[in-house]
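Asks: What follows is a single structure, and I will ask about it in a moment.
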Amino acid sequence: MHCWLALFYLPHLLTLKEMRCIWDPTLVNPCTWFHVTCDGQNRVIRVDLGNARLSGSLVSELGALQNLQYLELYKNSLTGHIPSELGKLKSLVSLDLYHNNFTGSIPRSLGKLSNLAFLRLNNNKLTGRIPRELTSITTLKAVDFSNNDLCGTIPVTGSFSHLQAKSFDNNPRLNGPELEGFVPYEMSCH
């Protein structure tokens, strides 16, 4: 099976058997697909479809992959909004959606990803403010929001206090870093 089909079928398979990645025996087991990794209990823990010539938009059903640790969909032609349901992926360590054509804002729900270490959304067409909810992810080690159209100010608290300025480059409407007490969060984002 071609790897691009894995992403297409994966959400539909999850609607079976209480969305727990218990696969219907009459269907092909996604754990046998290239670029999909499962644990010993046939739960999907990694989807690695970077540079796989994918197009279309992400489906909200991806949020049902409760054991997913790595979602690698970089360097494709994916469009549309980043589904807020990705905030349900409590085991997620790495979210790599860079070099696509995503639009809209960064979902606030991503701030619920308490195990997230790597968040790379660079080189898309994202707009809006950087959600302050992301600063509370204590495990966050690397962020890249460069080359988008984000606005407002760059957070400097919590996990964002150690991030490099280049992580925010080439966002012409983004100001920062945020000066606590001096620059209102709501400024310059219209």
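Asks: For the stretch 44-64, which residues satisfy the criterion of being touching a helix residue (DSSP H, G or I) at 6+ places or on another chain (Cβ under 7 Å) and not in a strand (DSSP E or B)?
Replies: 49, 52, 53, 54, 59, 60, 61, 62, 63, 64
Asks: Of everything in the stretch 148-190 that's open to solvent by 20 Å² or more (accessible area, probe 1.4 Å) and in a strand (DSSP E or B), which residue is modelled with the lowest pLDDT?
Replies: Checked the stretch 148-190; the qualifying residue modelled with the lowest pLDDT is 175.
Asks: Would you pick out the residues in the stretch 38-64 that are open to solvent by less than 60 Å² (accessible area, probe 1.4 Å) and farther than 22 Å from residue 116 by Cα?
Replies: 52, 54, 56
Asks: Hey, among the residues in the stretch 135-147 that are within 12 Å of the chain's Cα centre (by Cα) and not β-branched (Val, Ile, Thr), which one's least open to solvent (accessible area, probe 1.4 Å)? I'd like the intermediate steps shown before the answer.
Replies: First pass over the stretch 135-147, keeping only residues within 12 Å of the chain's Cα centre (by Cα): 143-145.
Then keep just the ones that are not β-branched (Val, Ile, Thr); that gives 144-145.
Working: 144: 39, 145: 1 Å².
Per the stated criteria, the residue is 145.
Asks: Only one residue in 139, 135 is more than 19 Å from residue 58 (Cβ to Cβ), touching a Ser or Thr at 6+ places or on another chain (Cβ under 6 Å) and polar (S, T, N, Q), so which one is that?
Replies: On the way: 139 fails: touching a Ser or Thr at 6+ places or on another chain (Cβ under 6 Å).
Testing whether each residue is more than 19 Å from residue 58 (Cβ to Cβ), touching a Ser or Thr at 6+ places or on another chain (Cβ under 6 Å) and polar (S, T, N, Q) leaves just 135.
Asks: It is to be established whether one or more residues within the stretch 150-165 are among the hydrophobic types (A, V, I, L, M, F, W, C) and within 15 Å of the chain's Cα centre (by Cα).
Replies: Filtering the stretch 150-165 for residues among the hydrophobic types (A, V, I, L, M, F, W, C) gives 150-151, 154, 156, 160, 163, 165.
Next, only the ones that are within 15 Å of the chain's Cα centre (by Cα) stay: none.
No: the stretch 150-165 contains no residue that is among the hydrophobic types (A, V, I, L, M, F, W, C) and within 15 Å of the chain's Cα centre (by Cα).
Asks: I would also like to ask the following. Have a look at 50, 80 and point out the one that is out of contact with any Asp or Glu (no Cβ under 8 Å at 6 or more places or on another chain) and modelled with pLDDT of 85 or more.
Replies: Details: 50 fails: out of contact with any Asp or Glu (no Cβ under 8 Å at 6 or more places or on another chain).
Checking each option against the conditions leaves just 80.
Asks: If you go through the stretch 105-128 one residue at a time, how many are among the polar types (S, T, N, Q), touching a Gly at 6+ places or on another chain (Cβ under 9 Å) and either assigned to a loop (DSSP other than H, G, I, E, B) or within 12 Å of residue 81 (Cα to Cα) (or both)?
Replies: The initial filter retains those residues of the stretch 105-128 that are among the polar types (S, T, N, Q), namely 105, 109, 114-115, 122-124, 127.
From what's left, touching a Gly at 6+ places or on another chain (Cβ under 9 Å): 105, 109, 127.
Cutting the leftovers down to either assigned to a loop (DSSP other than H, G, I, E, B) or within 12 Å of residue 81 (Cα to Cα) (or both) gives us 105, 127.
Selection size over the stretch 105-128: 2.
Asks: Follow-up question, since we're still on this one. So, residue 116, is that one surrounded by 16 or more Cβ atoms within 10 Å (Cβ to Cβ), touching a residue at least 60 places away in the same chain (Cβ under 8 Å), within 21 Å of residue 147 (Cβ to Cβ) and among the hydrophobic types (A, V, I, L, M, F, W, C) or not? Before you say what the answer is, go through the steps one by one.
Replies: Details: surrounded by 16 or more Cβ atoms within 10 Å (Cβ to Cβ): yes; touching a residue at least 60 places away in the same chain (Cβ under 8 Å): no; within 21 Å of residue 147 (Cβ to Cβ): yes; among the hydrophobic types (A, V, I, L, M, F, W, C): yes.
Spelling it out, it is not the case that residue 116 is surrounded by 16 or more Cβ atoms within 10 Å (Cβ to Cβ), touching a residue at least 60 places away in the same chain (Cβ under 8 Å), within 21 Å of residue 147 (Cβ to Cβ) and among the hydrophobic types (A, V, I, L, M, F, W, C).
Asks: Scan the stretch 65-104 for residues that are crowded, with 21+ Cβ neighbours inside 10 Å and not in a loop (DSSP other than H, G, I, E, B) and jot them down.
Replies: Result: 71, 78, 86, 95, 102.
Asks: Which one is surrounded by the most Cβ atoms within 10 Å (Cβ to Cβ) among residues in the stretch 15-37 that are within 23 Å of residue 114 (Cβ to Cβ) and modelled with pLDDT under 90? Explain how you work it out, then say what you get.
Replies: At the first step, the residues of the stretch 15-37 found to be within 23 Å of residue 114 (Cβ to Cβ) are 19-21, 37.
Among the residues that remain, those that are also modelled with pLDDT under 90 are: 19-21.
On the way: 19: 15, 20: 14, 21: 24.
Of everything passing the filter in the stretch 15-37, 21 is surrounded by the most Cβ atoms within 10 Å (Cβ to Cβ).
The values are calculated or read from the model by the stated rules, or taken from the named source; none is laboratory data. Fair warning: this is a prediction, and the values are worked out from it, not measured in the lab. Because the Cβ atoms are built from the backbone with ideal geometry, glycine has one as well, and the counts that use them run over all protein chains shown. To get the accessible areas, we keep the full protein, side chains included, count just its heavy atoms, and leave off ligands, DNA and RNA. Shrake-Rupley method; radii C 1.70, N 1.55, O 1.52, S 1.80 Å.
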